[in-house]
Amino acid sequence: MLKQRSPKRYRRREIDEQIRRQRTAHEARIIRRLHGIGIPVPIVFFIDLASSSLYMQRIRGVELRSYLANAKQRYIRDVAEKLGRITAQMHRDGIAHGDLTLSNIIIDEHHSPWIADFGLSAFTQDIEDYAVDIHLLERSLESTYPNLRRAFMASFMRGYSSIVGREYASKILEKVREIRMRGRYVVREGA
Amino acid sequence: MKRFICLGIESTAHTFGVGVAGSDGSILSNAMRVYKPEKGGIHPREASQHHARHALEVVREALEKARLEPSDIDVIAFSIGPGMGPCLRTGATVARAIAATLGKPLVGVNHSIAHIEVGKLATGCRDPVVLYVAGGNTLITALVEGRYRILGETLDIAAGNCLDSFGIAAGIGPMPQPEIIAREGKRIHSLPYKVKGMDVSFSGLLTAAERLLEEGAAVADVALSITETVYSMLVEVLERALAYLEKSEILLVGGLARSRRLVEMIRLMCEDHQAKLHIVPDEYAGDNGAMIAWTGLLYYMAGMTISLEESHVRPRARIDEVDVRWSP
């Protein structure tokens, strides 16, 4: 499969080129690392930086977003828990996804999740970055399936805690709450 | 059907505004006074004193322009939040006094929702992805199952606040100055471009731009770099939201809707996605009383009035707390 980051007309060329090249190179690097520790991600075969393109493995499946529209309750629980485990492993390895939404998670025929689109990801030790992943996932659920959010996130966190432990999981949830409260109406002092 | 009339009071930040709207969708008046600090940025207490000083004359002006008597008013609305506590309290106090004096019902309107609803009214758009960008707010939202769901927002400061702060630090003044000076810029400096999902972060970018100024970079170049970077980030997350929700309309509201360059960029993005772009007219882009009056009517007709006792302001109110009962 060819994944190409095409130029955006709305961005000035200098900014656009830098972003596309940076994200392409970065995605390839992160995927290699995640593949190495056994996280289900599509493998990158070849990078063409000049055209900001990646040739990568194609995952057969559907986006989590459309999967949730039809799947049975117990499958959903199972998928959420598996996704929680995968996300925790990724975080434990010092990687935050940066765009963990329902359209960047693929569910294969065995009801197993794969994670894709690492253009916004980061090597990081900051718990805030991991919390942002969980926040993004939760909000993405909320904006498409508000009624599924609670149950899905509960299963997700069960899987997540099973890898990082209860204590760390509740610390991260505290951070998620903090992030949700931020950004509502913030003006820098004296401005 | 009887036409209801609402008087709406806005006092979230700089602006003390009073508008009058009719339930047939007419805006009958939109009066305001804007607090301008002598130097630097906004000081909430000073702003609230400004609002208190001008409250009466603005209410009077709004009624005169609408050619109405106080007894013609059916409902009083005010901005309940989000915003600066002292400023909000001034508007709420005025609204309570009028409601109690006239014996009319009171409505506490969510400020962010008011920006969107007046945009919908003025442009006629139906089911948009909304970008709300202003001095204190940066939000991407859409109506999903009866609430404005937050798809993306700032993780720290608002886009408008970032550009205003930069302008003040550079000695050129707040928006639109940075954008005007940017037109003379020639060189783009690389600044932190921080996007997470549909969220954005501007504080690192602001610090980096201020550092460039300290190092002696040309103001026009830094102004060009910061405006282009901030707008690129906004349009990118907006594009992602549009694709994510599979919608075909975009509505731009808030003070930054007056930015020509931002509008130009969003227009290009919309063309590429065959989406229709709606922009709130200038007079309703910044904070104003008319938007509170119109949204107050929507609340009122959906039965969402409040008693005096529960009318305390909510500086950190969220847009997704409100049941949008008036929309299908």
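When B:Ala257, B:Ala317 are screened for being open to solvent by less than 10 Å² (accessible area, probe 1.4 Å), modelled with pLDDT under 95, of a type outside the set (D, E, K, R) and not assigned by TED's automatic domain parsing to the domain that holds B:Pro192, only B:Ala317 passes. Please indicate, with yes or no, whether at least one residue in the range B:95-106 is among the basic types (Lys, Arg) and under 23 Å from B:Val322 (Cβ atoms). Yes, the range B:95-106 contains a residue that is among the basic types (Lys, Arg) and under 23 Å from B:Val322 (Cβ atoms). Evaluating B:Leu238 against the criteria (1) open to solvent by 10 Å² or more (accessible area, probe 1.4 Å); (2) within 13 Å of B:Leu131 (Cβ to Cβ); (3) of a type in the set (A, V, I, L, M) leaves one unmet condition, (1).
Mind listing whichever residues of the range B:110-124 are open to solvent by 10 Å² or more (accessible area, probe 1.4 Å) and in contact with a strand residue (DSSP E or B) (Cβ under 6 Å, 6 or more places away or on another chain)? Across the range B:110-124, the qualifying residue is only B:Thr123. If you go through the range B:183-224 and keep only what is within 11 Å of another protein chain (Cβ to nearest Cβ), assigned to a helix (DSSP H, G or I) and buried (at least 17 other Cβ atoms within 10 Å of the Cβ), you end up with B:Ser203, B:Leu206, B:Leu224. All conditions in (1) in a loop (DSSP other than H, G, I, E, B); (2) not assigned by TED's automatic domain parsing to the domain that holds A:Glu128 hold for A:Gly98, with the sole exception of (2).
Has the range B:193-210 got at least one residue that is of a type in the set (Asp, Glu) and free of Cβ contacts under 8 Å to residues at least 24 places away in the same chain? The answer is no, given that none of the residues of the range B:193-210 is of a type in the set (Asp, Glu) and free of Cβ contacts under 8 Å to residues at least 24 places away in the same chain.
Of all residues in the range B:45-72, those being surrounded by 16 or more Cβ atoms within 10 Å (Cβ to Cβ), of a type outside the set (S, T, N, Q) and under 21 Å from B:His111 (Cα atoms) number 9.
Among the residues of the range B:297-319, those that are assigned to a helix (DSSP H, G or I) and either in contact with a helix residue (DSSP H, G or I) (Cβ under 8 Å, 6 or more places away or on another chain) or basic (Lys, Arg) (or both) comprise B:Leu298, B:Leu308, B:Ile319. With respect to the conditions (1) surrounded by fewer than 21 Cβ atoms within 10 Å (Cβ to Cβ); (2) more than 26 Å from B:Thr12 (Cα to Cα), B:Gly171 lacks only one, and its number is (2).
Could you grab the pairs with beta carbons closer than 8 Å, sequence gap of 6+ or different chains, first residue in the range A:124-139 and within 9 Å of chain B (Cβ to nearest Cβ), second one open to solvent by 30 Å² or more (accessible area, probe 1.4 Å) and small (Gly, Ala, Ser)? Cβ pairs passing all conditions: A:Asp129/A:Ala122. Just one of the numbered conditions (1) open to solvent by 50 Å² or more (accessible area, probe 1.4 Å); (2) assigned to a helix (DSSP H, G or I); (3) among the polar types (S, T, N, Q) is not true of A:Asn147: (2).
Conditions (1) buried (at least 24 other Cβ atoms within 10 Å of the Cβ); (2) out of contact with any Phe, Trp or Tyr (no Cβ under 7 Å at 6 or more places or on another chain); (3) more than 22 Å from B:Leu63 (Cβ to Cβ), marked per residue:
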position: B:Ala97; (1), (2), (3): no, yes, no
position: B:Tyr132; (1), (2), (3): yes, yes, yes
position: B:Val144; (1), (2), (3): no, yes, yes
position: B:Ala158; (1), (2), (3): yes, yes, yes
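The set of residues in the range B:264-274 that are open to solvent by 20 Å² or more (accessible area, probe 1.4 Å) and within 13 Å of chain A (Cβ to nearest Cβ) comprises B:Glu264, B:Arg267, B:Leu268, B:Glu271, B:Asp272, B:His273. Scanning the range A:150-181 for residues that are open to solvent by 30 Å² or more (accessible area, probe 1.4 Å) and within 14 Å of another protein chain (Cβ to nearest Cβ), we see that the one that is nearest to B:Asp199 (Cα to Cα) is A:Arg180.
If you go through the range A:26-75 and keep only what is aliphatic (A, V, I, L, M), touching a Ser or Thr at 6+ places or on another chain (Cβ under 8 Å) and under 20 Å from A:Met90 (Cβ atoms), you end up with A:Ile30, A:Leu54, A:Leu64. List pairs: first in the range B:299-327 and closer than 18 Å to B:Phe4 by Cβ, second open to solvent by 70 Å² or more (accessible area, probe 1.4 Å) and not in a helix (DSSP H, G or I), Cβ under 7 Å, 6+ apart or cross-chain? Correct list of pairs: B:Ala302/B:Arg325; B:Met304/B:Arg325.
The values are calculated or read from the model by the stated rules, or taken from the named source; none is laboratory data. Since the model is a prediction, treat every value here as computed from it, not as a measurement. Quick reminder, even Gly has a Cβ in these numbers, built from the backbone with ideal geometry, and neighbours come from all protein chains shown. For the accessible areas, the whole protein counts, side chains as well, though only heavy atoms, and no ligand, DNA or RNA atoms are used. Shrake-Rupley method; radii C 1.70, N 1.55, O 1.52, S 1.80 Å.
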